[in-house]
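A short worksheet on the structure shown next.
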């Protein structure tokens with residue numbers, strides 16, 4: 001296993017060995033894990049002197065046979081666009097397209113934007129999740145905007 005801090009965050013387990021949380025959340029676990037290691041390799045090539053990244057890779061390589069095998073494949077991936085499938089514990093499976101947007105004002109930072117196909121079951125599930133986060137004031141404002 002890799003470090004607790006790294007593995008316990010739901011968006012970062014793909015670089016770790018198969019944790020139950022990760023394999024349940026990512027429908028295509030093997031592809032996600034493979035891509036995450038290939039993305040790490042691309043970052044390592046971009047900045048080979050990044051000490052924190054080198055330390056992370058070293059830790060993962062010493063603690064995870066799965067990571068070590070994936071790292072030894074020498075695959076490189078630039079994470080730009082694609083489709084990912086997730087399993088949400090309440091709304092079920094989600095299929096979301098994504099696009100990576102570089103943030104020019106903050107070199108090395110990238111924002112991933114996920115979207116569901118309109119009218120799809122994933123879109124309906126995302127709408128349900130969004131409704132839980134909507135405050136009464138925001139809902140009233142949205143209704144007022146819709147009336148105009």
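Where a number appears in this text, it was derived from the coordinates with a stated rule and is not lab data. What you see is a predicted model; the values in this text were computed from it and never measured. Cβ sites come from the backbone with ideal geometry, for glycine too, and all protein chains shown count toward neighbours.
At a glance:
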item	result
Projected label distance in nm at residue 78 and residue 59, using a 7 Å step from Cα toward the beta-carbon	2.9
FRET E, pair residue 66, residue 100, Förster distance 35 Å, beta-carbon r, rounded to 0.05	0.90
Scaled radius of gyration (Cα, divided by 2.2 N^0.38 Å) that the range 35-99 gives	1.36
Residue exposure sequence - 65, 30 - by fewest surrounding Cβ within 10 Å	65, 30
Cα pair distances of the range 80-148 binned at 5 Å [whole percent]	3, 14, 17, 17, 16, 16, 13, 4, 0
Rg over Rh, two decimals, the range 20-148 (C-alpha only, Kirkwood Rh)	1.08
By average C-beta atoms within 10 angstrom, highest first, the peptides 105-112, 93-100	93-100, 105-112
